Amino acid sequence: MPALSPTRPLTEKLLLGATRLALLTAPLTERAFPERLEIDDNHSLWTSQTPDYRPGPPLRESITADLAIIGGGFTGVSTAYHFSRRYPEKRVVLLEAKTLANGASGRNGGMMLNWVSGVTDHSPEMTRRIYEITRAGIQMIRELIERHNLQVSYRCDGTLTVYTDARRAEAAHAEVEYHQSIGIPERFLDSAALRATLALEGVHGAVLDPDTGQINGAQLVRGLRPVLIEQGVAIFEQTPVLKIREGATIVLTTPEGEVRAKAVVLATNGYTGKLGYFHDALFPLHSHVFATAPLTPEQQAALGWRRFAAFSDDLDRIAYSSLTSEGHIVFGGGSNQSYAYLFRNRTAYPGSPASAEKSFRRVEATMHGYLPGSTQVPITHRWTGTLGITLNRTPLMGVRGDHRNMFYAIGYCGHGVTLANIAGQVLTDLYSGDDERWRGLPFYQQGYVPIPPEPFRWLGYQAFTRLTGKSPRV
Ligand SMILES: Cc1cc2nc3c(=O)[nH]c(=O)nc-3n(C[C@H](O)[C@H](O)[C@H](O)COP(=O)(O)OP(=O)(O)OC[C@H]3O[C@@H](n4cnc5c(N)ncnc54)[C@H](O)[C@@H]3O)c2cc1C
C-alpha cells in the first residue's frame, strides 16, 4: 500500500491533537504483562498453498541462547536467517506462538512494494535512498528464493497505484516526473494506457513501479524452515512467550519451558502490545481479504487484467489487490467495514470469516466496482489479518532496554512484505555495530508518536472513522 500523503486532512489533525491531549491527561492503565494470548487461525489462500506443512514441536525444557527471536513471520525468519549466517557459532532460537506464517506474513495482500510508509523527508537524497533500500530488499528476496530453491510463487512484473480522481492523478504524474529526474524508474500510465493493460472502472491514471510484484508469504516463510534448521536455528512452534524478564540475561517464559537469552528480538508486529511492549506505539488494525478461484489467462483478459502483479488505490479506505501466478485475484480493504480496531488491542478477529459476512460483502463490492466483470467469479478464501499501525505510519526498528539487548522491528503498516524481510539484515547489522547503511533512515532507531491508552484509543478510532467516513490509511 502506498505511503501516506504528507498532507493530513483537518479532521485527522484534530483527532491527532485530541488523542495527544488525552494521553497527557489519562492514567496509564495498560498492563505490562501479557493477557490471554489472542491469535486466531489463518484461513488465507497463502497457507492453503502449503498443504503439507506441519508445525514443529513446542519447547518443553529450559534452554539458553545467544539470540531468542519471538515471532515466526517475515521479521523473525529473516532475522534468524541473516543472523545465523553472520554468526554460525551463536545459538539462535525462534519461538512462534502457533505456526510459522500464522500472522500477517501469511495473511497479507501479497504486494511486494517499494517505499516506506509515513516518510516525510522528500529530499532527493532520502527519496532515492528509501527507494534503493526497498528495491534491494525485493532483489534480496528473489535471490533467497533462487539460492535455496524455495517453492515460492511470486512475480515481479510491476505494481500500480491507481488514482480515482483526475487532480490526484495529475499530481501523481508530476511526482513521477520528479522521481524520474532523480533516477527512480517509475512511469505514469494515463487512462488509455491503463485500459489496455489493467482496465479498472473509475480510474484516471496510475503510477507503475516496474520491478515490484506479488508473492506468497506463507510459502516463503515456511519454505525457509529447513534452511534455518540447516543453519543451526532451533525453531519451536506452538510456543507462545507468556512473560519476558529483562536483564543482562533475558528470561522468556513459555507454557512448558524457558529460554535464557543474551539478546531477544521482538518480531511480533501487531501482537507486540500483548507482550507488554510498544502498546503506546502500535495499534492492531484488522483488514479483510478474500481470494477468487484461479482464472485462466483468457478469463483474466476478459476481466481487463492483462498485465501487472497488483494495484492499490488512492482512497483513505485503501483497496489493494494482487493477481497470483496461478490466476487468483486477492483483494482487500476498500470500505470502513473492511478495517477494524477492536477494544483493548485485541489481535484476534472474533468469529469466523462467515460471521464477518457484511465486511466481506463490502470488500467484494469494491472489487466489482473496479472490475465489473468479476461479479460471477467465485470466491474461494476469506480471511482477516492484523496489521501493526503506528500513528505516523513509520515502522520502528532498533534496540532498547537497560542492557541494550531487546531488539525490535515492528509497525510496517501496509509495507511489511518488503520491509519485514529487510528487518533481518537491519537487526543483524545493528547487533554487530556494522549499521552504516541504515543510519539516518526514518525507521531506524527513531522515536514514535504515542497513541493514547484505552478507552481513548478505541473512542478515537470510532470517532474518526464514523465522523469522517474514512479508515486510517495503512
Ligand atoms: C490483511 C493484511 C494485508 C496486508 N497487505 C500487505 C501488502 O499487500 N503488502 C505489504 O507490503 N504488506 C502488507 N501487509 C503487512 C505485512 O503483511 C506485515 O507488515 C508483515 O507480514 C509483518 O511481518 P512480521 O513478521 O513482523 O509479523 P507477523 O507476520 O504478524 O508475525 C508475528 C508472529 O508473531 C507471533 N507471535 C505473536 N505473539 C507471540 C508470542 N507471545 N509468542 C510467540 N509468538 C508470537 C504470531 O503468531 C506471528 O506469527 C498486510 C497485512 C495484513 C494483515
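Data overview
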| read-out | value |
| --- | --- |
| The lone exception for residue 322 - which of (1) within 9 Å of the ligand (Cβ to nearest atom); (2) closer than 30 Å to residue 265 by Cα; (3) of a type in the set (Gly, Ala, Ser) it fails | (2) |
| The range 48-86, subset more than 11 Å from the ligand (Cβ to nearest atom) and hydroxyl-bearing (Ser, Thr, Tyr), residue surrounded by the fewest Cβ atoms within 10 Å (Cβ to Cβ) | 62 |
| Matching option when the condition is outside any loop (DSSP other than H, G, I, E, B) and touching a strand residue (DSSP E or B) at 6+ places or on another chain (Cβ under 7 Å), among 386, 375, 428, 465 | 386 |
| Residue match in the range 271-278 (condition: in contact (Cβ under 8 Å) with a residue 12 or more places away in the chain, among the basic types (Lys, Arg) and within 11 Å of the ligand (Cβ to nearest atom)) | yes |
| Given (1) within 17 Å of the chain's Cα centre (by Cα); (2) part of a loop (DSSP other than H, G, I, E, B); (3) buried (at least 21 other Cβ atoms within 10 Å of the Cβ), number of the condition residue 308 does not satisfy | (1) |
| So residue 352, is it in contact with a Phe, Trp or Tyr (Cβ under 9 Å, 6 or more places away or on another chain) and either farther than 23 Å from residue 416 by Cα or crowded, with 21+ Cβ neighbours inside 10 Å (or both) | no |
| The lone exception for residue 380 - which of (1) of a type outside the set (Lys, Arg); (2) modelled with pLDDT of 95 or more; (3) assigned to a loop (DSSP other than H, G, I, E, B); (4) away from the ligand (no atom under 16 Å from the Cβ) it fails | (3) |
| Hey, residue 332 of a type in the set (Gly, Ala, Ser), in a helix (DSSP H, G or I), buried (at least 19 other Cβ atoms within 10 Å of the Cβ) and within 13 Å of the ligand (Cβ to nearest atom) or not | no |
| Residue in the range 443-450 that is more than 16 Å from the ligand (Cβ to nearest atom), in a helix (DSSP H, G or I) and modelled with pLDDT under 95 present | no |
| Residue list for the range 275-284, restricted to those being out of contact with any Gly (no Cβ under 7 Å at 6 or more places or on another chain) and either at pLDDT 95 or above or in a loop (DSSP other than H, G, I, E, B) (or both) | 276, 277, 278, 280 |
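The values are calculated or read from the model by the stated rules, or taken from the named source; none is laboratory data. Since this is a predicted model, take the numbers as computed values, not measurements. Don't worry about glycine lacking a Cβ; one is built from the backbone with ideal geometry, like all the others, and counts go over all protein chains shown.
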